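Reviewing the structure listed below.
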Amino acid sequence: MQSICLKPFVAFATALAIAPCFGEDWNRFRGPNGTGVTSDAAPLSWNSEAGVAWKLELPGFGVSSPIVTGSRVFVTCYSGYGVPGGGENGVGSMSDLKRHLVCADIKTGEAIWTKTIDAVLPEDPYDPPGVTSHGYASHTPTTDGKLVYAFFGKSGVYAFDMDGNEVWKAGVGKGSGPQQWGSAASPILHDNLVLVTAAEESESLVAIDKTTGKTAWTAPAEGLQSTWGTPVIAETENGPELVVSVPGEVWGFNLKTGKLRWFARGTTDGSASTSLAIDNGVVYAVGGRGGDAVAVKVGGKGDVNDSAVVWDANIQGRFASPIAYQGHLFTVNNDVLSCFKAETGEQVFQERLPATSSEPQPEGSEGRRGGGRFGGMQYSSPIIADGKLYITLKSGTVHVVEAAPAFKVLATNAITGDSSGFDSTPAVSQGKLFLRSGKNLYCISGS
């Protein structure tokens, strides 16, 4: 197990309150607190001809997820460089790289406004295997219903109001990790803070005042690099904690000060590609190729390996994050769904999802300059809506499975004719399902 070393930092805690989230909003990556779980219902069946309320062609490419607040849907994308099929050599010039934040009307799918941001250069090059697999718009934005916050890696964090006016921008570093694979962890909100995992940019966690854009605290931490998962917020007897899975460990931070509260062993495959699942005061970290997983009680102090680790288990994942629901943990590894007992880590079932008809090979497998060794893998994480698992495959197929300890496929749906790859995690709001491919945003209302 690696040791943790926190470099000195200064903490400036603030205490302004924010408006509560809308009940039907999906305001961040994986929805409410990143659990991926909502009681809101989503459509059960659809196809390309029936059940698609609207489709919006985006001004660029990306794998970030859509978010929803009130009557608006937000999503990010990029253009000019490293776009599959773009430029004379399929790559373009780095100097032309742009990021875009798109605001769309939830009813009509029409773009209300689009903001275009010049990239801070140099960026990590569009070379395999990493950046070619996900590009330059991997961070899902977040919103409190008043402002929307987008993280663009080395280009920084931007806040816009609902009319598209820029309120502030803040840099969080311009560094690169040893692999130069770019970053992907999404920003999240807590009280008055925008919390950013700047793992690649400055090897630190950064808390930004959501109103002013000023840094509230910074927590530089050796060992944070190669962290691509998004943190969760844990409510404990000691107050709320920011919990993040890093290579080899799981860390819990004091949200007011940014100081490390506790640490435990984590996954050991050399990276942290998935986000934590959280339920009933326990976080679940699932590894990749190593097949290791760990469950840890939150709210501890110092080294909690002997006091708070609930279990260790062999659970294989890759890029799709696990999801906890009603005493069970579900994981997806390409087209295999597994279910485990959350209390013990014991496997309940492991089943291959139904085969689908032949469809065009997604550009994520071949079109991204050879794709890299990660290009053909599934990136979308499962979500649960009204007790049903929604599992999105790269091809555009979505399996709906009962979120229960008995494997039961309820429906298999497909969006055909879109070869740009479905690597984004869906959003659910107001009875609708929002799917994002590399080039398009879909609103599914059901057939």
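The values are calculated or read from the model by the stated rules, or taken from the named source; none is laboratory data. In this text the structure is predicted, and so the values were computed from the model without any measurement. Positions of Cβ are generated from backbone atoms using ideal geometry, with glycine treated the same way; all protein chains shown enter the neighbour counts.
Summary of values
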read-out: Given (1) without any contact (Cβ under 8 Å) to a residue 60 or more places away in the chain; (2) in a loop (DSSP other than H, G, I, E, B); (3) under 28 Å from Cys339 (Cβ atoms); (4) within 19 Å of the chain's Cα centre (by Cα), number of the condition Thr230 does not satisfy; value: (1)
read-out: Ala137 assigned to a strand (DSSP E or B), of a type in the set (Gly, Ala, Ser) and either under 22 Å from Leu441 (Cβ atoms) or within 14 Å of the chain's Cα centre (by Cα) (or both); value: no
read-out: Test: Thr425 is surrounded by 24 or more Cβ atoms within 10 Å (Cβ to Cβ), of a type in the set (Val, Ile, Thr), under 20 Å from Gln378 (Cβ atoms) and out of contact with any helix residue (DSSP H, G or I) (no Cβ under 9 Å at 6 or more places or on another chain); value: yes
read-out: Filter result (in contact with an Asp or Glu (Cβ under 9 Å, 6 or more places away or on another chain) and at positive phi) within segment 112-143; value: none
read-out: Single unsatisfied condition, Ser365 versus (1) of a type in the set (S, T, N, Q); (2) modelled with pLDDT under 90; (3) in contact with a strand residue (DSSP E or B) (Cβ under 9 Å, 6 or more places away or on another chain); value: (3)
read-out: Some residue of segment 198-206 being of a type in the set (S, T, N, Q) and either under 17 Å from Glu249 (Cα atoms) or within 18 Å of the chain's Cα centre (by Cα) (or both); value: yes
read-out: Sole exception among (1) surrounded by fewer than 18 Cβ atoms within 10 Å (Cβ to Cβ); (2) at pLDDT 50 or above; (3) more than 30 Å from Trp262 (Cα to Cα); (4) not hydroxyl-bearing (Ser, Thr, Tyr) for Leu58, by number; value: (1)
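Each row is one residue, and each column tells you yes or no for (1) closer than 28 Å to Trp181 by Cα; (2) of a type outside the set (A, V, I, L, M, F, W, C).
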position	(1), (2)
Asn33	yes, yes
Thr69	no, yes
Val75	yes, no
Arg99	yes, yes
